[in-house]
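Contents: one structure, followed by commentary.
The values are calculated or read from the model by the stated rules, or taken from the named source; none is laboratory data. In this text, all values refer to a predicted model and were calculated from it rather than measured experimentally. Virtual Cβ from ideal backbone geometry, glycine too; neighbours counted across all protein chains shown. Calculation scope for accessible area: heavy atoms of the full protein, side chains included, ligands and nucleic acids excluded. Shrake-Rupley method; radii C 1.70, N 1.55, O 1.52, S 1.80 Å.
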Amino acid sequence: MSLEKEAALRALGAEVVRTPTEAAWDSPQSHIGIARKLQKEIPYGIILDQYGNINNPLAHEMTTGPEIIEAVKSTPSTSSRVSSQKVDVVVCGAGTGGTISGISRAMKKTHNKDCIVVGVDPDGSILAVPSSLNTKTEGDAYVVEGIGYDFIPDVLSRDPTDIDEWIKTNDTEAFDAVQALMRNEGLLVGGSSGSALSGTLKWLETRKDIAETLGLNVVVILPDGIRNYMSKDWFLSRALHGEPTPLAQAIARVLQEPIANDV
């Protein structure tokens, strides 16, 4: 996890304990194992447990989902921008699974029972269904933070009535999508947002019936901001050492020309 996340937590008064990334989820050295040890030894210790706490998906079913529905329904359909005025597709990365499971239930229970919910899972993770999607890259390391796991969280629904389809993405696709979002949309988001967008584009390539139907609303969840990643290698390399833009080339050409003396 990024230094920015640790610094923000420490600024708020928290004590932060780092655990080895390579530790399996059920290892005593993992973040879960260490949390359980600390809870046992520290008086009044409690684990909020986003992996098993039913209030995790419930919060998204009761708040995030209705917020999305209201935003889409209240956006008028016009001749230049036709809208079904309902959420037809939701694409979301899966970490603990609370966000995607809760949003799915909000959509399907109260808004549009035919809404298609697509889960995005990074290569190296095992959350996607069917499990054969994970076999080729299972256990591989990946840089994107906040999505994917080597175990199935209790609050993640892998029931096809909740999550209709899954798509796998890799780091390169995710960070390319982040760069496009920053430069083209002015959205400073993190790697898991790039996973969601790249997964959406890959999925739409397989679903021309959706991609080519006028007025359908495909909602992509961008769950984080760049504040959490300013010191990460992937961000610095792309922000500071990327290919020169046409504008940069024009600036260099102008600055190489002699400066004319004002008359």
* Asked: How far apart, in nm, are two points set 7 Å out from the Cα along the Cα-to-Cβ line at Q249 and at S83?
  -> 3.9 nm
* **Cβ-defined net charge surrounding S157, 12 Å radius [Lys, Arg +1; Asp, Glu -1]** => -2
* FRET efficiency, E205 to K37 (Cβ-Cβ, R0 45 Å, nearest 0.05) -> 0.45
* Would you please give the residues with an amide H less than 5 Å from that of T169, counting only those at least 5 places away or on a separate chain, with H modeled from the backbone geometry? => D121, D123
* Run a plain Debye calculation on the range 1-109 (Cα atoms as equal point scatterers, no solvent) and give log10 I(q)/I(0) at q = 0.14, 0.18 Å⁻¹, rounded to two decimals, same order as the q list. => -0.78, -1.02
* Structure fact -> Here P(r) for the range 64-158, Cα-Cα distances in 5 Å bins, as whole percents, is 3, 13, 21, 18, 15, 11, 9, 6, 3, 0
* Structure fact -> Filtered hits (lysines, Cα-Cα < 17 Å from K108, offset >= 8 within chain) -> K73, K86
* Counting helices only, and only those DSSP H runs with n ≥ 4, report the 222 nm mean residue ellipticity of the chain as the sum of -39,500 (n - 2.57) divided by its residues, in deg cm²/dmol to the nearest 500. => -10500 deg cm²/dmol
* **Residues whose placed amide H lies under 5 Å from that of V91, excluding near-sequence neighbours** => V118, V219, V220, I221
* Asked: Roughly to the nearest percent, how much of the accessible area of the range 26-160 is carbon and sulfur, given a 1.4 Å probe?
  -> 54 percent
* Structure fact -> Taking Cα pairs closer than 8 Å and at least 6 residues apart, the relative contact order of the range 124-230 in percent is 22 percent
* So what is the relative contact order for the chain, in percent, with contacts set as C-alpha pairs under 8 Å and at least six apart? -> 19 percent
* Structure fact -> Cα-based Rg and Dmax for the range 156-222, in Å, come out at 13.0, 37
* To do: Give the accessible surface of the range 138-263 per residue, rounded to a whole number of Å², with probe radius 1.4 Å and ligands, DNA and RNA excluded.
  => 61 Å²
* To do: Return, ordered by residue number, the residues of the range 56-82 whose backbone nitrogen is under 17 Å from a label point located 7 Å along Cα→Cβ of W25.
  => 56-57
* To do: Report the FRET efficiency, 1/(1 + (r/R0)^6), for E67 and V143, where r is their Cβ-Cβ distance and R0 is 25 Å, rounded to 0.05.
  => 0.25
* Asked: Which of the lysines could be linked to K37 by a straight reach, that is with a Cα gap under 24 Å, when you skip same-chain ones fewer than 8 residues away?
  -> K5
* **Tail beyond 21 Å, pair distance distribution of the range 187-263 (Cα, percent)** => 57 percent
* To do: List the extent of the Cα atoms of the range 114-241 along each of their three principal axes, largest first, rounded to whole Å.
  => 43, 39, 25
* How big is the Kirkwood radius of the chain, worked out from every pair of different alpha carbons and given in Å to one decimal? -> 20.6 Å
* To do: Give me the lysines in straight-line cross-link reach of K202: C-alpha distance below 21 Å, same-chain residues under 8 apart excluded.
  => K136, K168
